[in-house]
Amino acid sequence: YIIPLSCIIPISLFSLIFFCLLFSPTLCYLFFFFLMIRRPPRSTLSSSSAASDVYKRQDEEKALITMSTPGHDNAAYAGGQNDANMQARYDKAGLALGHAYSVLRVIETDGHRMVQIRNPWGNGVEWTGAWGDDDPRWKSEGTVAKACNYEKADDGTFWMEWADVIKYFTGGGTCFTKFNWFDYRIQGHASNGHPNIALEITVTKKTECFLSLHQHDKRGKKEGDPDRKYASFILAISRKDGDKQKVHMHGTMNAEEPSADPSFITGRDVAMRYTLEPEHSPYVVFPRIYEKDTEKDFVMALIAENKVGNGLSVKFRTLDKACPVFENYLSFDYDPATAASVEADYQFNPEVGAPQTRKGSSIAA
């Protein structure tokens, strides 16, 4: 998935996986980061400048970044009708329609926001506009050329300034690369508006992690299949507050920007980046579903820098239907000694080898 510059549209999942496997086959964690560049309803990244800053920061973190051009069915970008001139416009610019590109570098130098982009096909079809291989700016703007370490080559790699990027690319995604992290996936189910599982997480040392909730991909599902439509979920985390639990953060479509305010999200994924600290343990991670008459399977994921058994424990709990958090209260009674336990299927995904499927009331060390 991507969040485009002007609206929300799907992107091929396989394209993003291709980039990850192409550039880093030993990823222990593959996660898609979403960002909004122009319209603010789904993210605080409401300006192209903010989005550029995020790309730059993610590049510094060695994340794998992709960007995509609009598809051949471009009615969404052309006032409801397909624009016959769009193909010619992109051909002239040296860009392919309906195509995903990898981002190699993001830098800011001498007042220019520069993005190095690669066509994964690796052919000689490249951007022909400003800062293209034949642009005289490379000779007249020596400072920029030096910062970009520019070399002309017919290899599908080219530079664009951010102002042109937002004119031609309609969205993007990020694969966070976390080497030597530990990936756990827990199966859950929601029935009559009540999810059957929550995670009680306890840490004895500070632990950075990603928490996320995923639904089945709706693509290819037949009419009547409950997974043909995405349900609206909240993913929340509460932490110890005296003898109670108090809700602290909620997942969003932008994993790097969790929200203190709850908001149901209709989409395949909702996630947050979070730091677990011993003084606030135990934590409770729980989903909420908006639809009260829907049967819906989901998967909760914990991707953490520490392995279970090494300062990290995860138990499977269930919150009573009458728990105040399901009515938007932020505080609720919780005693780890008496909390209801539940068994669940879960997977541990090692960096090398096939996922290991297990069943239990906690994640085994």
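The values are calculated or read from the model by the stated rules, or taken from the named source; none is laboratory data. Just so you know, these numbers come straight off a predicted model, no measurement behind them. Heads up, the Cβs are rebuilt from the backbone with ideal geometry, glycines too, and the neighbour counts pull from every protein chain shown. For accessibility, only protein heavy atoms count, side chains too; no ligands or nucleic acids. Shrake-Rupley method; radii C 1.70, N 1.55, O 1.52, S 1.80 Å.
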For this session: Look through region 133-165, keep the residues that are farther than 15 Å from G111 by Cα and polar (S, T, N, Q), and return whichever of them is surrounded by the fewest Cβ atoms within 10 Å (Cβ to Cβ).
Result: N149
Exercise. If you go through region 119-164, how many residues are of a type in the set (F, W, Y) and in contact with a Ser or Thr (Cβ under 6 Å, 6 or more places away or on another chain)?
Worked result: 1
For this session: Considering every residue within region 266-285, establish whether at least one is touching a helix residue (DSSP H, G or I) at 6+ places or on another chain (Cβ under 9 Å), charged (D, E, K, R) and under 17 Å from S212 (Cβ atoms).
Result: no
Exercise. Of the numbered conditions (1) open to solvent by 40 Å² or more (accessible area, probe 1.4 Å); (2) out of contact with any helix residue (DSSP H, G or I) (no Cβ under 7 Å at 6 or more places or on another chain), R105 satisfies every one except a single condition; which is it?
Worked result: (2)
For this session: Hand me the list of strands (runs of 3 or more DSSP E) wholly inside region 177-231 holding 2 or more residues that are open to solvent by 10 Å² or more (accessible area, probe 1.4 Å) and over 28 Å from G353 (Cβ atoms).
Result: none
Exercise. Would it be correct to say that G251 is within 18 Å of the chain's Cα centre (by Cα) and either open to solvent by less than 10 Å² (accessible area, probe 1.4 Å) or free of Cβ contacts under 8 Å to residues at least 12 places away in the same chain (or both)?
Worked result: yes
Seminar exercise, completed: Among residues of region 134-155 being assigned to a loop (DSSP other than H, G, I, E, B) and without any contact (Cβ under 8 Å) to a residue 24 or more places away in the chain, the residue nearest to N119 (Cα to Cα) is A153
Exercise. Which members of region 104-124 meet the condition of being outside any strand (DSSP E or B) and either within 24 Å of the chain's Cα centre (by Cα) or under 11 Å from D155 (Cβ atoms) (or both)?
Worked result: N119, P120, W121, G122, N123, G124
Exercise. At pLDDT 95 or above, in contact with a helix residue (DSSP H, G or I) (Cβ under 9 Å, 6 or more places away or on another chain) and of a type in the set (G, A, S), is that true of G311?
Worked result: yes
Exercise. Just a yes or no: is a residue in region 210-233 over 17 Å from the mean Cα position of the chain (by Cα) and within 26 Å of D335 (Cβ to Cβ)?
Worked result: no
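Please determine, by comparing only the residues of region 54-102 that are among the polar types (S, T, N, Q) and surrounded by fewer than 18 Cβ atoms within 10 Å (Cβ to Cβ), which one is modelled with the highest pLDDT.
Q87
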